[in-house]
Each structure stands twice: as structure tokens, then as C-alpha cells.
Amino acid sequence: MTKDMVREKMNELPIRRVLPELLERMRSGTSAVLVAEPGAGKTTQVPLAFLNEAWLSGRKIVMLEPRRLAARSAAEYMSRMLGEQPGETVGYRVRMDSRTSRRTKIEVVTEGILTRMLQSDAGLEDVGMVIFDEFHERNLQGDLGLALALESKAVLREDLRILVMSATLEAEPVAALLGDAPVVNCPGRQFPVETVYRPPAAGSALEKHMAAVIREASAGHPGDVLAFLPGKGEIRKVQAELESGGVPAGFVIRPLYGQLPQKEQDAAVQPDPEGRRKWILATSIAETSLTIDGVRIVVDSGYMRTQLFSARTGMPYLATDRVSRASADQRRGRAGRTAPGIAYRLWSHETQNHLRSRNAPEILQTDLAPLALELAAWGVQNPAGMAWLDPPPEAAYERGRELLQRLGAVRRDGSVTDKGKRMAEIGLHPRLSAMMLQAEKLGQSGLAAVLAAILQERDIFRSGAGAPPDSDIRSRVQAVRLWEQKGFAGPNADEAGLRRIVQESRYMQKQLEAELSGPGDIEKSGLLLSFAYPDRIGQSRGGGKFLLTSGRGVELPREQPLSRAAYVTVAAVDDKKGAEGKILLAAPLSLEDLQQHHREDIVEETTVDWDPSLGGVKARRQVCLGAIVLRESPAGQPPAEAVAQALLDGIRAEGLGLLPWTKQAAQLRQRLQLMHEADPDWPDMRDDALLSRLEEWLLPYLDGLKNRSDLQKLQLVPILEQMVGWDKKTRLDKEVPTHIAVPSGSRIAVDYSDPKQPVLAVKLQEMFGLHETPKIGMGRIPLTLHLLSPAQRPVQITSDLASFWKHGYFEVKKDLKGRYPKHYWPDDPLEAIPTRRTRPQ
DNA sequence: CTCTCCCT
């Protein structure tokens, strides 16, 4: 495009119409929000419009972009409009690459760069205006940059202009955050896109359905198809589905996701050299990061995969979820960039109504250790006092602070240490910065820089078909070295990725200003990583399972040689909910290195606990690093208190069944429970209640006991009696007797197993002559009678004996007389003589 | 039995 053509095109842009208002707002005030739909041209027009404002008084305009590529291309585009090269009036600055000069008036930077600028000059002395572009993405770095810029403006730089630009933002909250800033709206310029809802039939697989819709749509409409899926797995399935149904002549399938080697990504984005129509199967990478010309058809699965952070375990995990309405609209818009298009949504109108309106901002679901370090370096220990659209969630923030403390970046009170300041300057995740600083001391910064670069970049390895991926980070280090020395990449490595890693690792080493340390010893990889991930040092439990110092369990497929290492450091992990976490990248480390370099975290202690396999208390001398036990030996004389506590732990773990519940003890417990239910002043005797008060009632009797068989010797009856005391015990015997005397002279034990309905089971013949049902509880509670045959089988259950004698007895008698003819079955039971034998003597 | 995307 020539300079004139660019100028001409620029004049048509919708943004031109709102620029005067925007300029006026920034003259009369100091902040504003610009809401402009895609295609309005805001990114390239707005910074240039402010270039000659008097209030700049020689200062620069800084514009933030969420991606390096976007920052560079915005700078290039604006330079072209001025007939210049980047680095003259308009420049850019991203990690490892910048084009700026003393003449530069507009600096386009990635979001994290602003934080670095503010950390080295809180007043931003040479900046007159900060523009936040694409703010609706709500990246962590953008939110942080805005919070810091607002503090700077409030305290040091009243005149600092802040403009927040966004495509689809609910403008009110951010305008309020800027102090009731005016909102300027600008329409966009998009071709119309028709929306079709096409949910899969019940029970049919989404991938199969998608393949069918792709086929159908390409038959009825022109242009390339862009299909959105949550991840690689689903992409491969749809691809297989399309291939098995036959790809028509003139079409080609192009997968597109971040892990894919650069060459294959390029093939998906660029027009097909043979002029075929593309079926592009993409993740959300194609939602904002990459734009593809020629797409007229979008097919959206409606799902996306995101990484979430578990504040509970301190580890990340992947989750597949429905997209938001904002995401779905963004995806649909991809069909209307160059011509009118059509978008198929593989969900129903009904589902559409339930989608959340926008994606959660990153600050609500990510690891906050980096944020906590920046704030500590800024001098803030409690983020609650700052201006946030969404304040950082407390649990994750606290996790982040704990990690920083462990890495030596902050003190207990949250204030930053000198080491922490250096870590923040290095501009890596605090874990990786801590590793770099430690490696420097050990003369291993060369290896550490390669490891950090590998972890920073996307994985350079593709797993072979069918084979499980290799999780040993040393194989990546080897690939990097091979590439550096011979310019040769292994069959599975991505060359563009290797190039980036080499560049990145050299940059890091240079930044440390360390002497180049040489390649280092690859076998120290696990050790170096342990300085970054001290909470993820794993000890083998066999079968590829490892216990981490944090207490979490993780695992590796057993086919991997790494699964047989005794100790590993786990750098990347997917913390599956419920199940063991999955190790994605790790390296082995030796016990010697571990003991030498983590000496200050290793503690020696005597542990006394219940060993279920032993059925008793075991005392051991343990050498521990966090939750893992490096060595242990039997301990001699453990303190009696600890043994008793361990016994209680055993009972809590295995239940009250460990105690000798004789018939008498069990009945006593039930009788007490009956009293409790009538009067809460009596102790609750249910399992949970007893277990929660073991210290009170059982502990005093445990002296000298060590195991199950010792416990079996306890006398529970006196123990339970002691629990209620003498007065209550006397009352208990009176109100809830153990036995009842019946007319035959027998004393029959009452069954209290159901405290609501105590039972007296007694032979019918023993009850002759008794008019009324016996009662307990000072005559309040009638017993339920189980009247038994001579063979002890219940023949009648009643709590109204008088009525039984009158009515039921004669029926029962007839039957019993037939079965037990030798027994005594009188016609008048109330006058008869009770007996425990066949007949009264 | 398969890792979403991005950045200092």
C-alpha cells in the first residue's frame, strides 16, 4: 500500500468522527474511556491524533498492547503512515526487542513493560499519556498496569493522561475507576454475519456433529471455514471424522493450535498455495491472537479450555468450559472481516441465554505470585487499598505471598527483600528468577537460563503418534544444545521454538550480567529446578507415583524412564481434581544434592503415630523435607503423652470399634444415650460425639497402652460411669434399669439399642399374672414387649399388655397349643402362675 | 492417552 492509499483509507475510518470529541475530553480532563467496536481503527489512529497536543509538553505517549506481535505491527503501521521506520517518531518495546530513539514520541509496548517502567520511575517523568488498548481482554498485566498507573497519577502525576480503549467493555465500571471519566463510543466496521444455532442431537458426539456442519456449510457458502474447538484432542477427533468421511477435492484440513510447530501454524493462516478452500480446526488462538483472511464461515463448538489455579494445592489445572457470550461474538466476527459471512453455533438458543456474559478476568483465576511480587516491589503489602476492577482473590494472593516468602523475596510482614527487588527486575516468574539467582551462585547460570527459557516458551517437543509424551526436561535441554552446536533439531523438535529458546536463554544470561558460565552439567537440572519449585520436590512411591514436599501426589506414566527416579523436581503439572496430578515436565535430582542444597529446610523430628498395619503406635525418628520423609529410624522412648495422642488418632481413624464393647458396656452406652435424648445435660453417646471428646473421657486411662490388644483390656463400664459421675449413675440405674424383674422371678436385660423404643424380650409364659406393661423412666416410658414362644421366637410385639391379654392372647394360645402341646396354656392368663419351665411346678 | 492462551 502506498502512503497516499493509506491516507485515503484512514479517512474512511469511523474513528475519525469521534477523534475531535476525544481530543477535547483530554484537554478539559485527564482520563477517558473509548469503547470502539472492531474495525474502527482505534489502535492506529488514536495515538497519532494526540501527537501534537500542547499538554504533552514534550513527553511521550505510551500505548499498551496485550501481545508482542500486536505492539510491533501497530508501531510499523503508524510509522508507515508517517512515511517513517519504527524507532523514529513511533517505536515499540517488547521483551528482548525494541525500536526506540530520542526522537520517539509514541512508544507501543506490551502490557508488562509498563509495570517495569513504573517500577523504575514511579512518576513516569517522560510520559504524558498512557493508552490501554484491548483492555477488555482483562489480562493480569493490564489490570496491574492500570492499578499502578492510577496510584502514580493519584500521588505523583495529577496531569498524567489515561485513556482506556476497549472493544466490548461494560464501560461504566472502568469509567468509575478512573474517577467518573467520560465515555466516548464509536461504531465499528464489520461485514454482516448471519448467526445459525445448530445444537447436536441428544446423545450425538460434538465432534461428529461438527464435522457434519462443516461439510454442510462449505457446500452452501463460499470461503474458508474456521472451526473453534477447546483443544488439541478435539481437533484431532474432528480431523479424523472429516478424513474418514472423505475430504472433497478442492478442500484441505488445517489444524491450528499453539503447540503446533510454526510451519504448520503458518500453513493454517496463509492462503493455500494450491488455491484449495481451508477447513481450519482451531483453538481460541484464532479468536484474538491470529487473524485469518478469507474466512467466511465460522463453526463454533461453544467450548474453551482454560488454565485455572488451585489456591488449595498451589498448582494449576486445565478445565474445559462453555464460552462466554463475548467470546462467542468475537468468534462469530471472524467470519465477517473481509466479506459478509455466516456463523454456526453448535448450541441452542436456550443455552445461549445461559452463557455468562464475559470471560473471567485473569486476575480471578491465575497464580498470583507474580502479582504479589510486583506489589511488594511497589511497596504495597495489602492490595485491598488499590484501585481494581476485580481485586485479587485473597486465597490465591496469600498462596502467592507464601511462595515469595519461601523463595526469599519477601519478609514475614510482606515487605520486599533486596533479593525480591532483583527478582522483580529480572522479569520472569518469581520461581524462575529465584532459580536464576541461585544458579548464578553455583556457576550454573547457563543451564538455568536454558531451563527457564524452556519453561517460559511453549514446549518444543511433539509427542509421537501413540507414544506418551516424554516429560523429562533434560531431553529438551539436549535438543537446545544440539541446535546451538550443530544447527540440527531432532525429529520431534520445532525449529522456530528452538530458535526462540536460544535467543531467550542468551538474553537472560546477559541480563544477569553474570560471566557466561558455560553449558553447565545437565544432570544438575533437577537441582536447579528445585530452587524454583521447592514445594514440588517429589519422592518416589513406586509405580510412577510421587509425593511432593507440598503434600500433593502426582504421577507419571510408568513407561517413562523418569518414573523410576527416586527423587524428581516437577516443573509443570496438571493438577487433576480428585485424582493424582499429572507430571508434564520434571527432572531427576540426587538425594545428596537435595540434602546439601536444601539443608535449612530439612528438619529432624520424632513422630509418634498410629500405624494401621501394625495395629499400634509406632515411634520413629524422621528426617523430613516438607511432607516427604528422607530417612527414618525407630525411636527409643517416645513421650507418654505423644503415645496416648497417637492412640486417640488411631481410634479416630479406625473408629470406636477398637474399644472392647462388652454387652454391659454397650448397654450402658445405650442407656446413657436414652437419657441424653430426654435431657441434653447428659452426654451425647453417639459415635461422632464420643470421638470428638476422646481427650475428655478416654485419655486418662491410656497410660502405658500402645496397641489394639492393650486397648482391648480397658474396662469401659467404669470409664463410662466415671464420665457421668456418681449422682447421674444412681439416677440412671433408677430410671433406666439394666434389668426388669418379671412375674416368673427372672431378671431380664432390657434391650436399649433403639433408645426411642427400649425392648423387653421375654417368654410369654413368664408374664402370666402381670396386668400392665412394665415401664421405665419413673413410669413414663412403656417397654416394647417381644413376647416369645418356648423356642424364643417372638409371637407378639406389643406395648399394651393389658389389651393383649384381652384380645390377642386367645389367638396366639390356639397356635401355641398346637405347636407346644406339653406346655402350659391357661385360659385365664391373669390368674395363671407364671413359669420359666414347661409348666408351673 | 493426548496442554488453553499470553506476557515482564
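The values are calculated or read from the model by the stated rules, or taken from the named source; none is laboratory data. If you're wondering where the values come from, they're calculated on a predicted model, not measured in any experiment. Methodologically, a virtual Cβ is constructed for each residue, glycine included, from the backbone with ideal geometry; neighbour enumeration extends over all protein chains shown. Just the protein is used for accessible areas: all its heavy atoms, side chains included, with ligands, DNA and RNA removed. Shrake-Rupley method; radii C 1.70, N 1.55, O 1.52, S 1.80 Å.
Here residue A:447 passes the criteria (1) open to solvent by less than 20 Å² (accessible area, probe 1.4 Å); (2) more than 23 Å from residue A:533 (Cα to Cα) except the one numbered (2). Considered as a group, the residues in region A:164-209 that are among the basic types (Lys, Arg) and not in a helix (DSSP H, G or I) include one that is modelled with the highest pLDDT, and that residue is A:198. Note on region A:268-286: residues that are surrounded by fewer than 20 Cβ atoms within 10 Å (Cβ to Cβ) and within 13 Å of DNA strand B (Cβ to nearest atom) total 2.
The sole residue among A:604, A:592 that is open to solvent by 50 Å² or more (accessible area, probe 1.4 Å), modelled with pLDDT of 90 or more, away from DNA strand B (no atom under 16 Å from the Cβ) and in contact with a strand residue (DSSP E or B) (Cβ under 8 Å, 6 or more places away or on another chain) is A:604. Of all the residues in region A:287-303, those that are away from DNA strand B (no atom under 16 Å from the Cβ) and either over 23 Å from residue A:196 (Cα atoms) or open to solvent by less than 50 Å² (accessible area, probe 1.4 Å) (or both) number 5. Of everything listed in (1) open to solvent by less than 70 Å² (accessible area, probe 1.4 Å); (2) assigned by TED's automatic domain parsing to the domain that holds residue A:694; (3) of a type outside the set (A, V, I, L, M, F, W, C); (4) touching a strand residue (DSSP E or B) at 6+ places or on another chain (Cβ under 6 Å), the single unmet condition for residue A:575 is (2).
When region A:211-238 is examined, which residues are found to be aliphatic (A, V, I, L, M) and either more than 16 Å from DNA strand B (Cβ to nearest atom) or over 18 Å from residue A:194 (Cα atoms) (or both)? Residues satisfying the conditions are A:211, A:212, A:213, A:214, A:217, A:219, A:225, A:229, A:235, A:238. For the residues A:37, A:111, A:76, the requirement of being in contact with a Pro (Cβ under 8 Å, 6 or more places away or on another chain) and at pLDDT below 90 singles out A:37. For region A:556-589, a residue qualifies if it is in contact (Cβ under 8 Å) with a residue 60 or more places away in the chain and near DNA strand B (Cβ under 10 Å from one of its atoms), and the qualifying residues are A:556, A:557, A:559, A:571, A:572, A:573, A:574, A:576, A:583, A:584, A:585.
Scanning region A:767-817 for residues being in a helix (DSSP H, G or I) and open to solvent by 60 Å² or more (accessible area, probe 1.4 Å) gives a total of 7. Candidates in region A:311-329 are the residues that are of a type outside the set (A, V, I, L, M, F, W, C) and within 13 Å of DNA strand B (Cβ to nearest atom); of these, the one that is surrounded by the most Cβ atoms within 10 Å (Cβ to Cβ) is A:327. Listed by first and then second residue, the pairs linking a residue in region A:205-218 that is in contact (Cβ under 8 Å) with a residue 24 or more places away in the chain to a residue that is small (Gly, Ala, Ser) and surrounded by 19 or more Cβ atoms within 10 Å (Cβ to Cβ), with Cβ atoms under 7 Å apart and 6 or more places separating them unless they lie on different chains, are A:206/A:301; A:210/A:227; A:210/A:301; A:214/A:227.
Please go through region A:331-378 and pick out each residue that is open to solvent by 50 Å² or more (accessible area, probe 1.4 Å), closer than 21 Å to residue A:305 by Cβ and out of contact with any helix residue (DSSP H, G or I) (no Cβ under 9 Å at 6 or more places or on another chain). Listed by number, the residues that qualify are A:332, A:354. In region A:137-181, the residue that is nearest to the chain's Cα centre (by Cα) out of those that are small (Gly, Ala, Ser) and within 12 Å of residue A:389 (Cβ to Cβ) is A:142. Residue A:43 satisfies every condition listed in (1) more than 16 Å from DNA strand B (Cβ to nearest atom); (2) part of a helix (DSSP H, G or I) except (1). Just to be sure I understand, how many residues within region A:242-262 are in contact with a helix residue (DSSP H, G or I) (Cβ under 7 Å, 6 or more places away or on another chain), within 16 Å of DNA strand B (Cβ to nearest atom) and among the hydrophobic types (A, V, I, L, M, F, W, C)? Looking only at that region, the number is 2.
Conditions (1) open to solvent by 20 Å² or more (accessible area, probe 1.4 Å); (2) under 19 Å from residue A:180 (Cβ atoms), marked per residue:
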| residue | (1), (2) |
| --- | --- |
| A:112 | yes, no |
| A:118 | no, no |
| A:128 | no, no |
| A:135 | no, yes |
| A:141 | yes, no |
| A:146 | no, yes |
| A:162 | no, yes |
| A:165 | no, yes |
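Out of region A:403-435, which residues are more than 16 Å from DNA strand B (Cβ to nearest atom), free of Cβ contacts under 8 Å to residues at least 40 places away in the same chain and open to solvent by 70 Å² or more (accessible area, probe 1.4 Å)? Scanning region A:403-435 gives A:405, A:411, A:412, A:413, A:418. Scanning region A:379-400 for residues that are crowded, with 21+ Cβ neighbours inside 10 Å and free of Cβ contacts under 8 Å to residues at least 40 places away in the same chain yields A:392, A:397, A:400.
Residues that are part of a helix (DSSP H, G or I) and β-branched (Val, Ile, Thr) within region A:494-545 comprise A:501, A:502, A:522, listed in sequence order.
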